[in-house]
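Here the structure is laid out as C-alpha cells; the discussion comes afterwards.
The values are calculated or read from the model by the stated rules, or taken from the named source; none is laboratory data. Predicted, not measured: the structure shown is a model, and the values here were computed from it. With ideal geometry, Cβ positions are generated from the backbone for all residues, glycine too; neighbour counts draw on all protein chains shown. Accessible surface is based on the protein model in full, side chains and every heavy atom, while ligands, DNA and RNA are left aside. Shrake-Rupley method; radii C 1.70, N 1.55, O 1.52, S 1.80 Å.
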Amino acid sequence: MPASKIFTGFRALGYVSNHIPLQVRHHRKHKENYVITCVGKSFHTYNSSKLGIVSISNTHPDDISCLAVDANLVFTGCRNKVQAFQRGKQVLRTYEGHEYPVHLLLPFGNHLISVDTDSNVKVWDIHSEGVYLDMNFDNSGFQVTAIMHPHTYLNKLVLGSKQGSLQLWNIKQDKMLYVFEGWNSAVTCLEQSPAMDVIAIGLADGQIIIHNLKFDETVMKFRQDWGPVTTIAFRTDGHPMMVTGSTIGHIALWDLESKKLKSQIRDAHEGAVVGMQCLPNEPLMVTNAADNSLKVWIFDQPDGGGRLLRQRSGHSAPPNKVQHYDNNGKNILSAGQDSTLRSFSVTHDKLNKSLGRASYDKKETKKTGLKKDRYMMPPITQFSSDTSRQSDWDNIAACHRGKCLVTTWSYQRSTMGSYKLKHPRFDEDPKLKLATALCTDISPCGNFVVIGYSTGHVDNYNLQSGIHRGCYGETVAHNCSVRGIAIDGLSQITITAGLDGEVKFWKFKQKNLIDSCHLKCCISDILLHRESSMLAVSLDDFRVMIIDIDTRKIVRTFQGHHNAVTDMTFSPDARWLITASMDSTVRTWDLPTGKLIDCFLVSSAATSLSLSPTGDFLATSHVDDIGVYLWSNMTLYTFVSLRPLPEDYEPDTLELPATQYENKKTDEDDEKEDIDMDDYDLWQNLLNLDIIKKRNKPKEAPRAPKSAPFFIPTIAGLEPKFAAIADDIEKETKSRITIGNLEPLSELGKALTADGLDYDKILNRFKELGPSAIDLEIRSLSPEGGGSIEAMERFLMFCNHVLNSKNNFEIINAYLGLFLKVHGDTIASNPTLCSVLETLSSRHLQTWRSLQDLFTQNTCMVNYLRTATL
C-alpha cells in the first residue's frame with residue numbers, strides 16, 4: 001500500500017536558487033539567453049528576458065552538487081554520477097566511474113571534464129560515455145578547487161588548487177606543461193578575460209589577479225575587503241569592466257583601464273554571491289545566491305554601476321506559517337523567518353508575489369537597504385486574513401516574535417499597511433513591557449481584528465481606522481497567556497483559549513462573558529470551522545479535542561501524536577481534521593466516526609499546514625526547509641477506501657514532492673490496493689449510455705483505400721492527361737423482413753423463460769456484464785429484439801424478487817430504470833405487463849420506506865453523537 005491513502009506529493013513552491021552557481025546558455029534560433037539554476041534535486045531553466053520559467057528537470061536521487069552547460073546539453077553532478085540532460089528535463093546520458101562526489105564540471109568540445117572531492121579528474125567522451133583520460137591528484141599536495149579552458153589554447157586546461165598553485169595541462173598528451181607558483185592563497189575561481197592569454201584568478205584572501213599565462217606575468221591586482229572572491233565575470237559589451245562577488249553579498253565593479261574600483265553594489269544578495277554571468281554583448285548581468293534569489297542587473301547608472309532590473313525570489317529562511325488566502329484555493333500566504341510575507345500561486349509561478357518585509361519604518365528601510373536595515377521587525381509567527389474588504393483597507397493582521405504590536409498588511413496593494421496596533425497600557429505599565437501578541441483573528445465582515453496577548457489581555461481594533469474598540473474582561477480576559485482566538489461565522493461570539501485550559505465564550509459586540517469550558521490540560525492552539533461550529537483545541541499532552549460551540553461540549557477526543565501538535569486544518573465540509581506534529585507525522589481524523597483514517601511520516605517535521613477551501617491541495621511547511629509543499633487529495637479523482645486504521649498502525653515515510661509534478665504510482669501499487677472494484681460504478685451510467693455512445697461516436701466511418709487499376713486510362717489530346725476513376729455506386733438493398741423476429745433469444749432471456757427460475761443466478765450473471773452488455777440484454781427482451789412478452793414479464797418478476805430480498809437496491813433500480821425507458825410503449829399497450837408493474841410498484845415503495853427509516857435512524861444517531869458529551 002502507498003504511504004498515504006488520501007494524499008500524494010504534487011509539487012514544491014518557492015524554490016528559485018541555492019548555493020550552486022548558475023549557468024547561462026545562448027539559443028541561436030530563439031535569440032534568447034537561458035539561465036539554469038539548481039534547486040536541490042532538480043534544476044530550473046529561465047529565460048533572461050522576463051525570468052519566466054521554461055522547464056523543470058526530472059528529479060535526481062540526491063541534491064545536485066554542480067552544474068555545467070554546452071550548446072546542446074545540461075550536465076549535472078549528483079553524488080559520484082554525472083548526467084547529461086536534453087531539452088532541460090530528460091536524461092540523455094549517464095557517466096559513472098567516480099568513487100567520490102563530483103564537485104566540478106567543464107564541457108570541453110566533444111568531451112566533458114569532471115572533478116571529484118578526492119581530486120580525481122576524468123575526461124569523458126560525451127557521445128560514447130567512455131573515459132578518455134583519468135588523472136589523479138593528492139589532496140595534500142594539490143587539491144583541485146577550480147578549472148577552466150583558456151581560449152585559443154588547444155587541448156589545454158588550467159587547474160587551480162587549495163594550496164594556491166596552478167597547473168597547465170595538455171589533456172590530449174596527458175602531460176603537465178607548466179606550474180604557476182600562486183600567491184600564497186587558495187584559488188577560489190578562474191575566469192577567461194576578453195583578452196587572449198589573460199585570465200582572472202580569484203583568491204580566498206580577497207585578491208583578484210589578472211594574469212598572463214603566456215609570459216607568466218601578473219598584469220594587475222585588485223583586492224576586495226569583503227572576504228574571499230566567490231565569482232568573477234567580464235562585460236563583453238564594449239566596456240572594460242570586471243565584476244566580482246563576495247561571501248557577504250556585495251558586488252564590486254572594477255575599471256580595467258584605470259585599474260581601480262569603479263562602483264559597487266552593496267547588499268546585492270543576503271548571502272554569498274555564488275554565481276555571476278554577464279550576458280554576451282548586453283549591459284546585463286545575472287547573479288544568484290544561496291538566499292533563494294535570481295537577479296538581473298543592468299549597467300545604466302552614471303557612475304557605471306548597476307541597478308536591479310528584475311528578480312525572482314522565495315523565502316530565504318524557512319516559513320513559520322502557511323495559510324490559503326482566497327476561497328478558490330489558488331493562492332497561499334506564507335510568513336517566513338526572514339520577516340517577509342509572500343503569496344505563492346498554485347496555478348503558475350508568475351503569479352507569485354511578495355508583500356514586503358516587516359519594518360518599523362518603511363521609508364527609512366528603503367534608504368538604508370534591506371540587509372543593514374535597523375528598522376527590520378522580527379519574523380511573523382501568526383497571522384489571519386479575510387477577503388471580504390480587501391479592496392477597501394488592510395485585510396491581514398500579523399503577530400511578530402517577542403513583540404506586542406500587531407502589523408496590518410494589504411494583499412491587493414501587496415504591501416505592509418500603515419497601522420501598528422498597540423494599546424497604550426503596554427508602554428505605561430512597566431510590568432507589561434515584555435508582553436507579546438500571540439494570536440489574532442479577523443471578523444468575517446472584515447471590519448475588526450481581535451488580538452490575544454501573553455499577559456491575558458484581549459483587544460478589539462477597527463481595521464479601517466486602526467482605533468481601539470474595547471477589550472474583553474474587566475482587566476484581563478484570562479489570568480494567563482492567551483493561546484488562541486476565534487470569531488464565529490456571524491460575528492456574534494468571540495472564543496478565547498488560555499494556557500490554563502480555560503475556553504471562554506464572549507459576546508462579540510458587548511464583550512461580556514457568556515460561558516466557559518474548562519479542560520484539564522494546558523492549551524497550545526485552537527482552530528474554528530465557522531460553517532459547522534466545530535472548534536479544534538490542541539493540548540500540551542499531544543491530544544486534540546473537538547468542542548461544539550453551539551452546545552459548548554466536548555464531542556470528540558483524538559490521541560495518537562507523540563510530540564507537540566504544530567498546526568491543524570479542517571476539510572471544507574468539516575468531516576476531516578488534519579493535524580501535524582513534531583513527531584514528523586501528518587494525521588487525518590474522521591470526525592463522524594472519531595477514528596484515524598490516514599497517517600504518514602515526512603522526513604522533516606511539518607511546522608504548519610493548510611487545506612484549500614476546495615479540498616484539492618494540502619499545503620505544508622517544514623523544519624529547516626524554505627519550500628512550501630503541495631499534496632494532492634486523491635479522493636477527488638479516484639476511489640479511496642477510508643477504513644479506520646488499526647491502533648498499532650506504523651506509518652510509512654512519504655517523500656517530499658519535487659518542484660515538478662511526477663506521477664509516482666506504479667503498477668505494483670495498483671495490484672496492492674485491496675479495494676473491491678467489481679461492483680463499483682459499472683451501473684451508474686446505464687441510463688445515459690446512449691448519450692455516451694453518441695458523444696464517443698466517430699464523425700465518419702473509416703474509408704477503405706481505393707485500389708488503382710493496373711493500367712490508368714488517359715484522355716487523348718496535345719498533352720496526355722490521366723482520366724478520373726469513377727467511383728462505384730453502392731446500392732442499398734432494403735429488406736421487408738423484421739430482423740428482430742429472426743434473432744435468437746439471448747442467454748439471459750432463455751434463463752428468464754426457463755421453467756425453473758434461479759433469480760440469484762440471473763442477478764450474478766447481470767453483475768458480471770458491463771454497461772453495454774446489460775443494455776443489449778435488456779433491449780433484446782422485447783419482441784422486436786428477439787424476445788417475448790413472457791420474457792418481459794419474467795424480468796419484472798425478477799426485479800420484484802430482488803426488491804423483496806432488500807439487497808442490491810441501487811443496482812436493481814438502475815436495471816429497472818433502463819427497462820422502463822426502453823420498453824415504456826410496449827408495457828403501456830399490454831394489460832398483463834401493466835398488472836405486474838403495479839405489483840412491482842407497491843413492492844418498490846415498501847422497500848424504499850424501510851430504507852428511509854434506516855436512514856432516519858442513522859441520521860439521528862450521528863446528530864446525537866455529534867452533540868452529546870462522550
Once the Cβ-Cβ distance between Asn170 and Asp118 is put in as r, and R0 is 25 Å, what FRET efficiency do you end up with, to the nearest 0.05?
-> 0.65
Ranked from the most accessible area to the least, with a 1.4 Å probe and all protein chains present, what is the order of Ile442, Ile554?
-> Ile554, Ile442
Kindly write out, for segment 849-865 in residue order, the coupling ³J(HN,Hα) from the Karplus curve 6.51 cos²θ - 1.76 cosθ + 1.60 (θ = phi - 60°), rounded to whole Hz, with x marking Gly and Pro.
-> 5, 5, 5, 5, 5, 5, 4, 5, 4, 5, 5, 5, 5, 5, 5, 5, 5
List every residue whose amide H lies under 5 Å from the amide H of Asp326, counting only residues 5 or more places away in sequence or on a different chain, with H placed 1.01 Å from N in the peptide plane.
-> Asn331
Inter-site label distance for Lys350 and Asn764 at 7 Å from Cα along Cβ, in nm | 6.1
For a label point 7 angstrom out from the Cα of Leu177 toward its Cβ, which stretches of segment 139-153 have the backbone nitrogen within less than 14 Å?
-> 148-153
Note the full-extension length gain between Ser49 and Ile298 as 0.36 nm times their separation in residues minus their Cα-Cα distance, in nm to one decimal.
-> 88.4 nm
Taking K and R as +1 and D and E as -1, what net charge do the other residues with C-beta under 15 Å from the C-beta of His844 add up to?
-> +1
For Lys806 the rounded accessible area (nearest 10 Å², probe 1.4 Å, non-protein molecules ignored) is 140
With no solvent and one equal point scatterer placed on each C-alpha of the chain, evaluate the Debye formula and give log10 I(q)/I(0) for q = 0.07 Å⁻¹, two decimals.
-> -0.80
Given pairs Lys767/Lys821; Lys81/Lys156; Lys41/Lys595; Lys431/Lys504; Lys81/Lys353; Lys353/Lys507 and cut-off 28 Å on Cα-Cα distance, the over-length ones are Lys41/Lys595; Lys81/Lys353; Lys353/Lys507
Backbone HN-Hα couplings from phi across segment 198-205 [Karplus 6.51/-1.76/1.60, Hz, Gly and Pro as x] = 10, 10, 9, 10, x, 10, 6, 8
Three semi-axes of the equivalent ellipsoid, segment 1-129, Cα gyration tensor, whole Å, largest first = 24, 21, 13
At 0.36 nm per residue, minus the direct Cα-Cα distance, what do Leu308 and Thr614 gain on full extension? Give it in nm, one decimal, please.
-> 106.3 nm
Helical mean residue ellipticity (222 nm; -39500 (n - 2.57) per DSSP H run of 4+; nearest 500) of the chain | -4500 deg cm²/dmol
Measure nothing but the geometry: give the 0 to 90° angle between the long axis through the Cα atoms of 809-828 and the longest principal axis through the Cα atoms of the chain, rounded to 10°.
-> 50
Enter the Cα centre distance for the pair segment 446-500 and segment 1-75, rounded to the nearest angstrom.
-> 46
List the extent of the Cα atoms of segment 371-529 along each of their three principal axes, largest first, rounded to whole Å.
-> 46, 36, 26
Return the long-range amide H neighbours of Leu92 (sequence gap of 5 or more, or a different chain), with a cut-off of under 5 Å between placed amide H atoms.
-> Ala84, Phe85, Gln86
With a cut-off of at most 12 other beta carbons within 10 Å, and DSSP calling the residue loop, which GluC sites (Glu not before Pro) in segment 147-243 qualify? Please list them.
-> Glu181
Extending each Cα 7 Å along its Cβ direction at Met196 and Asp134, get the distance between those two points in nm, one decimal.
-> 3.8
Beyond 23 Å, what percent of the Cα pairs of segment 570-654 remain?
-> 19
Computed over the Cα atoms of segment 45-200, the Rg and Dmax in Å are 16.0, 46
Using the alpha-carbon atoms, what tilt in degrees (0 to 90, nearest 10) does helix 759-768 show relative to the longest principal axis of the chain?
-> 30
Quick one: which residues, 5+ away or cross-chain, put their amide H under 5 Å from the amide H of Gly275? H built at 1.01 Å from N.
-> Leu22, Asn288
Grab segment 192-342 and count how many Lys pairs have their alpha-carbon atoms under 24 Å apart, sequence gap of 8 or more, or different chains.
-> 6
What is the calculated FRET efficiency for Phe809 to Ser835, with r their C-beta to C-beta distance and R₀ = 22 Å, to the nearest 0.05?
-> 0.40
